[in-house]
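**Student:** Encoded as structure tokens, here's the structure I'll be asking about.
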There are 2 protein chains.
Amino acid sequence: MPAATTASGKKLQKATLKKLEALALGVCRDLAKTKSPAIDIPLRTLSNVNFNAQKRIIEMGKDTQQRFFFNISMVKKFTETFYLSNECRQLIEAGKTTSLRDLFYMAKPDFEAASREEYEQEESDAITEDIEVTVDSLREELNLFASNRGALVGQLTIVDQGDTIDGRRMGSGGWSIPSIVEPNIVQFKKCDAKFILLVEKDAVWRRFNEDRFWEKYKCILVHGQGQPPRGVRRLLYRMANELKLPLYVFVDNDPWGYYIYSVIKQGSINLAYESRRMAVPDAKFIGLSSFDREKYDLDLSVTMKLKDEDVSRAKQILGYPWFQKKEWQKEIRNMLKEGRKLELEALSRKGISFVTEEYLPGKLKRKEWLD
Amino acid sequence: MPAATTASGKKLQKATLKKLEALALGVCRDLAKTKSPAIDIPLRTLSNVNFNAQKRIIEMGKDTQQRFFFNISMVKKFTETFYLSNECRQLIEAGKTTSLRDLFYMAKPDFEAASREEYEQEESDAITEDIEVTVDSLREELNLFASNRGALVGQLTIVDQGDTIDGRRMGSGGWSIPSIVEPNIVQFKKCDAKFILLVEKDAVWRRFNEDRFWEKYKCILVHGQGQPPRGVRRLLYRMANELKLPLYVFVDNDPWGYYIYSVIKQGSINLAYESRRMAVPDAKFIGLSSFDREKYDLDLSVTMKLKDEDVSRAKQILGYPWFQKKEWQKEIRNMLKEGRKLELEALSRKGISFVTEEYLPGKLKRKEWLD
């Protein structure tokens with residue numbers, strides 16, 4: 001089955017093909033002018049990453065490096081860039097998608113034969129990221145997929161590869177969120193949701209689904225099995241923007257939970273170049289908060305002591321430009337002061353469905369979230 | 001929504017409740033007779049595990065230990081057993097399910113208050129396993145769930161919590177396999193499948209789904225994201241037995257792949273007591289085989305060197321009673337001789353869809369599998 005099933009999907013794929021071709025044509029033009037062929041590759045280094053306070057996302061800067069063909073230290077990477085971009089072209093033309101691991105294996109024997117050195121996947125992954133930033137296409141637009149994690153239920157009908165998925169009738173399991181959710185594959189239909197709720201853990205998501213929270217509170221319920229994979233992030237982005245829905249993030253109260261929220265909201269340093277197609281700067285942090293233990297009268301024994309690495313991670317997060325709001329500083333400092341972390345499951349102590357019947361409805365009603 | 005939506009589901013839950021009550025009534029009877037209350041708990045030790053060659057599964061033996069109430073070293077565990085079995089009773093009565101982590105948090109403050117020692121989840125998990133074997137109910141029948149991993153597409157219609165899920169219309173994502181797939185939650189309807197294919201990796205599963213392998217070859221296509229979680233194992237068991245379908249397991253050619261296959265087929269040593277409700281002794285190993293590299297003329301560079309731990313693991317597997325068939329010894333010894341392992345993705349070198357169009361159809365046609 002071809003990946004592009006809709007007119008707009010075909011258009012998107014065509015546009016990506018054009019960009020890959022343009023990259024190759026640039027080299028041909030250089031050669032025709034007897035110029036040393038070169039490509040400009042945006043720099044994916046920390047020095048070229050910054051927080052755009054206006055857009056409220058982590059962005060890649062404008063620095064680039066040139067990669068030359070006639071340069072002994074660059075010729076290998078130069079060649080690999082075109083080998084792999086040609087593989088992507090073939091994928092798109094065949095309407096097929098594949099994993100980075102597959103791509104690595106497709107190329108490995110040739111790369112090793114040419115260089116007589118063992119080839120590692122880190123190398124082909126890095127070149128793939130170069131291609132992404134150079135032609136300005138998401139990996140998913142190059143028909144490459146990452147991990148298939150996370151699930152969705154709720155007040156939304158989705159079309160996935162031509163099949164209609166009604167989020168209201170997905171049982172206890174839900175729709176398994178695919179790794180590529182670009183518009184050529186996934187489209188949104190009937191939406192009755194008022195918001196999106198991302199729950200960090202699948203076990204807690206199950207509680208919300210079993211209690212049919214999404215029905216009562218008219219929402220779309222998503223989990224990403226811990227740190228959400230790219231497919232989930234991209235889907236959240238698309239739903240938040242195209243369906244104009246607020247997104248609430250519900251995570252453990254520990255530095256890892258803050259981090260999950262922050263990646264959803266402004267993107268990550270490592271993948272800064274993808275923020276503008278994945279980050280949701282309006283995402284809200286709905287809990288758990290370091291003030292919840294006292295507020296909800298939870299026994300101290302359901303909290304856990306912060307480990308040394310938690311403390312240093314929390315201190316690091318305190319310094320991030322995107323956590324400088326007064327409320328956030330208060331939130332993080334209070335966790336450090338208490339010296340404890342609190343997991344979502346700890347709320348079960350107040351009753352199995354306390355989280356779906358009291359905790360979250362109350363927070364939503366009182367607009368008790370951090371921005 | 002109550003967990004039991006069907007008459008048979010309600011019956012199942014009632015039967016589990018009866019077993020939990022019987023456990024408690026035994027203690028009451030002991031007390032009435034002024035006998036020291038005791039429960040018999042089947043031993044979950046290696047010495048009480050054996051391979052039943054006739055049933056072809058790993059089983060728990062008949063050894064039990066007594067747990068007394070009037071015994072200073074046992075009273076804590078004795079009490080915990082009834083505390084937690086009472087929590088399970090309440091779950092079943094409320095028609096709700098929960099995770100082991102939730103259960104731990106529900107009990108932690110009380111256990112700590114009583115013992116004045118810090119309570120760890122390992123302890124409540126162990127007691128829960130005691131309850132499982134003592135009342136002879138799967139954890140899932142006690143309404144406790146594990147991880148939510150894995151997905152399914154293909155020629156089967158499923159009812160999940162009353163919602164109809166058509167495996168033929170699940171898009172690229174598939175139905176996310178829930179952690180509890182007991183008959184009170186999941187039922188099978190229209191099945192047009194001739195077999196079940198379990199693929200180790202979600203990325204390879206995606207290839208099979210995209211190529212609509214399940215449509216052409218009339219099968220049910222499942223992945224478990226590596227070592228399948230309990231929900232996936234239990235679902236495979238139920239489909240293989242209730243739908244009378246052969247099950248083919250498709251894994252990397254390395255000791256880990258052999259192990260995944262062997263757990264599916266005869267169960268694991270750790271969870272020996274669940275084999276008879278999870279193991280599928282007729283499961284077939286369809287690849288990758290250590291002979292495939294040569295047979296399919298794959299470049300040596302797409303294989304990887306066995307690490308030391310791979311070699312020792314393979315030697316250990318060679319000795320397992322359930323790997324004593326001549327063909328299996330040949331298979332494993334050949335991997336050791338070659339000193340290489342081969343990942344599913346390596347087949348991509350022969351073409352993106354080589355695996356779905358040539359490799360697997362050929363193996364199925366020639367009945368080229370190991371049993």
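**Student:** At A:Ala22, label 7 Å along Cα→Cβ: distances to the other copies, nm, ascending?
**Tutor:** 7.3
**Student:** Below 17 Å, Cα to Cα, which lysines can A:Lys76 reach? Residues fewer than 8 away in the same chain don't count.
**Tutor:** A:Lys108
**Student:** Which shape class, rounded, prolate or oblate, goes with the range A:101-187 when its Cα gyration tensor gives a ≥ b ≥ c as root eigenvalues, a/c under 1.5 marks rounded, and past that a/b bigger than b/c marks prolate?
**Tutor:** Prolate.
**Student:** Quick one: A:Ser262, B:Ser312, fewest Cβ neighbours within 10 Å first, how do they rank? Intermediate values should be presented prior to the final figure.
**Tutor:** Values: A:Ser262 21, B:Ser312 12.
Ordered from fewest to most neighbouring Cβ atoms within 10 Å, A:Ser262, B:Ser312 come out as B:Ser312, A:Ser262.
**Student:** Taking every residue in A:352-358, how many Cβ atoms of other protein chains lie within 10 Å of its Cβ, on average?
**Tutor:** Working: counts 11, 3, 0, 1, 0, 0, 0.
Average per residue, whole number: 2.
**Student:** GNM, chain B, Cα, under 10 Å: largest mean-square fluctuation among B:Ile165, B:Ile72, B:Ile286?
**Tutor:** B:Ile72
**Student:** Oh, and also: Strictly over 28 Å apart at the Cα level, which of A:Lys10/B:Lys367; A:Lys14/A:Lys201; A:Lys11/A:Lys35; A:Lys218/A:Lys265; A:Lys194/A:Lys307; A:Lys96/B:Lys365 would you flag in this model?
**Tutor:** Numbers: A:Lys10/B:Lys367 40 Å; A:Lys14/A:Lys201 37 Å; A:Lys11/A:Lys35 33 Å; A:Lys218/A:Lys265 22 Å; A:Lys194/A:Lys307 38 Å; A:Lys96/B:Lys365 25 Å.
Beyond 28 Å: A:Lys10/B:Lys367; A:Lys14/A:Lys201; A:Lys11/A:Lys35; A:Lys194/A:Lys307.
**Student:** Using the count of nearby Cβ atoms within 10 Å as a rough guide to exposure, how do B:Ile57, B:Ile317, A:Ile127 rank from fewest to most?
**Tutor:** Working: B:Ile57 20, B:Ile317 17, A:Ile127 24.
Ascending number of Cβ neighbours within 10 Å: B:Ile317, B:Ile57, A:Ile127.
**Student:** Taking the simple approach of a point 7 Å from Cα along Cα-to-Cβ for both A:Asp308 and A:Lys367, what is their distance in nm?
**Tutor:** According to this spin-label approximation, the distance is 4.4 nm.
**Student:** DSSP loop trypsin sites (Lys or Arg not before Pro) in the range B:282-371 with at most 15 other Cβ atoms within 10 Å of their Cβ, which ones?
**Tutor:** Values: sites: B:Lys284, B:Arg293, B:Lys295, B:Lys305, B:Lys307, B:Arg313, B:Lys315, B:Lys325, B:Lys326, B:Lys330, B:Arg333, B:Lys337, B:Arg340, B:Lys341, B:Arg349, B:Lys350, B:Lys363, B:Lys365, B:Arg366, B:Lys367; in loops: B:Lys307, B:Lys325, B:Arg366, B:Lys367.
Those satisfying the criteria are B:Lys307, B:Lys325, B:Arg366, B:Lys367.
**Student:** What trypsin sites (Lys or Arg not before Pro) in the range A:47-76 are in a loop by DSSP, with at most 14 other Cβ atoms within 10 Å of the Cβ?
**Tutor:** A:Lys55, A:Lys62
**Student:** Cα gyration tensor of the range B:151-365, axes a ≥ b ≥ c as square roots of the eigenvalues: rounded (a/c below 1.5), prolate (a/b > b/c) or oblate? Don't skip to the answer; put the middle values down first.
**Tutor:** Numbers: a/c = 2.18, a/b = 1.37, b/c = 1.60.
The shape class here is oblate.
**Student:** What are the aspartates and glutamates whose alpha-carbon lies under 13 Å from the alpha-carbon of B:Lys244, with same-chain residues fewer than 8 places away excluded?
**Tutor:** Within the straight-line cut-off, B:Lys244 pairs with B:Asp192, B:Asp282.
**Student:** Residue by residue through B:200-212, how many Cβ atoms from other chains fall within 10 Å of the Cβ on average? Write out the running numbers ahead of the final one.
**Tutor:** Details: counts 0, 4, 9, 11, 4, 2, 8, 6, 0, 4, 12, 2, 2.
Partner Cβ neighbours, averaged per residue: 5.
**Student:** Could you name the aspartates and glutamates in cross-link range of B:Lys295, using Cα to Cα under 18 Å and dropping any fewer than eight places away on the same chain?
**Tutor:** Answer for B:Lys295, where 18 Å is the Cα cut-off: B:Asp252, B:Asp254, B:Glu327, B:Glu331, B:Glu338, B:Glu343, B:Glu345, B:Glu357, B:Glu358, B:Glu368, listed by chain and number.
**Student:** Below 12 angstrom from the Cβ of B:Ala15, what's the summed charge of the other residues (Lys, Arg +1; Asp, Glu -1)? Please list the in-between numbers first.
**Tutor:** Working: positive: B:Lys10, B:Lys11, B:Lys14, B:Lys18, B:Lys19; negative: B:Glu21, B:Asp136, B:Glu141, B:Glu182.
With Lys, Arg at +1 and Asp, Glu at -1, the neighbours total +1.
**Student:** Additional query: Hey, got a sec? Which chymotrypsin sites (Phe, Trp or Tyr not before Pro) in the range A:71-115 land in a DSSP loop and have at most 10 other Cβ atoms within 10 Å?
**Tutor:** Numbers: sites: A:Phe78, A:Phe82, A:Tyr83, A:Phe104, A:Tyr105, A:Phe111; in loops: none.
Nothing satisfies the criteria.
**Student:** For chain B, modelled as a Gaussian network with Cα springs under 10 Å, which listed residue fluctuates most, B:Pro109, B:Pro246, B:Pro229?
**Tutor:** Per the Cα network of chain B with a 10 Å cutoff, B:Pro109 tops the list.
**Student:** Name the shape class, rounded, prolate or oblate, that the alpha-carbon gyration tensor gives for the protein assembly as shown, where a ≥ b ≥ c are the square roots of its eigenvalues, rounded holds for a/c under 1.5, and otherwise prolate holds if a/b is larger than b/c and oblate otherwise.
**Tutor:** Numbers: a/c = 1.81, a/b = 1.27, b/c = 1.42.
Oblate is the answer for the protein assembly as shown, as a/c is 1.5 or above yet b/c matches or exceeds a/b.
**Student:** Mind checking which chain B residue has its Cβ closest to the axis relating B to A, and how many whole Å off it is?
**Tutor:** Residue and rounded Å distance to the axis: B:Ser176, 2.
**Student:** Every other copy gets compared here: list the nm distances from the B:Gly351 label point (7 Å along Cα to Cβ) to its counterparts, shortest first, one decimal.
**Tutor:** In ascending order, 6.2 nm.
**Student:** Using a 10 Å cut-off on Cβ to Cβ distances, tally the other chain neighbours for every residue of A:158-171 and report the average as a whole number. Walk me through the intermediate numbers first.
**Tutor:** Values: counts 2, 1, 6, 8, 3, 8, 2, 7, 2, 0, 1, 6, 7, 13.
Per-residue shielding by partner chains comes out at 5.
**Student:** Near the amide H of A:Asn143, under 5 Å away, which other amide H atoms are found, from residues 5 or more places off or on another chain, if H is placed in the peptide plane?
**Tutor:** none
**Student:** Could you give the nm distance between label points at A:Ala94 and A:Arg169, where each point is 7 Å from its Cα heading toward the beta carbon?
**Tutor:** Each label point is offset 7 Å from its Cα along the Cβ direction, giving 3.6 nm.
**Student:** Could you calculate the FRET efficiency of A:Glu112 with B:Phe68 from 1/(1 + (r/R0)^6), where r is the beta carbon distance between them and R0 is 51 Å, rounded to 0.05? Write down the numbers at each step before the final one.
**Tutor:** Working: r = 66 Å, r/R0 = 1.29.
That pair, A:Glu112 with B:Phe68, gives E of 0.20.
**Student:** May I ask you to report, in nm to one decimal and beginning with the shortest, the distances from B:Glu368 to the same position in the other copies, taking label points 7 Å along Cα-to-Cβ?
**Tutor:** For B:Glu368, the other copies' label points sit at 6.4 nm, shortest first.
**Student:** Hey, what number do you get for chain A at 222 nm if only DSSP H runs of n ≥ 4 count, each worth -39500 (n - 2.57), divided across all residues, to the nearest 500?
**Tutor:** Working: 13 runs with 154 residues, N = 371.
Mean residue ellipticity at 222 nm (helix-derived): -13000 deg cm²/dmol.
**Student:** Listing B:Thr164, A:Thr98 from the residue with the fewest other Cβ atoms within 10 Å to the one with the most, what is the order? Intermediate values should be presented prior to the final figure.
**Tutor:** Details: B:Thr164 14, A:Thr98 26.
The order, fewest Cβ neighbours first, is B:Thr164, A:Thr98.
Any read-out appearing in this document is the output of simple, stated calculations on the displayed coordinates, not a laboratory observation. Bear in mind that the values here come from a model prediction, so they are computed numbers and not experimental data. Please note: Cβ atoms are built from the backbone with ideal geometry, for glycine as well, and neighbour counts cover all protein chains shown.
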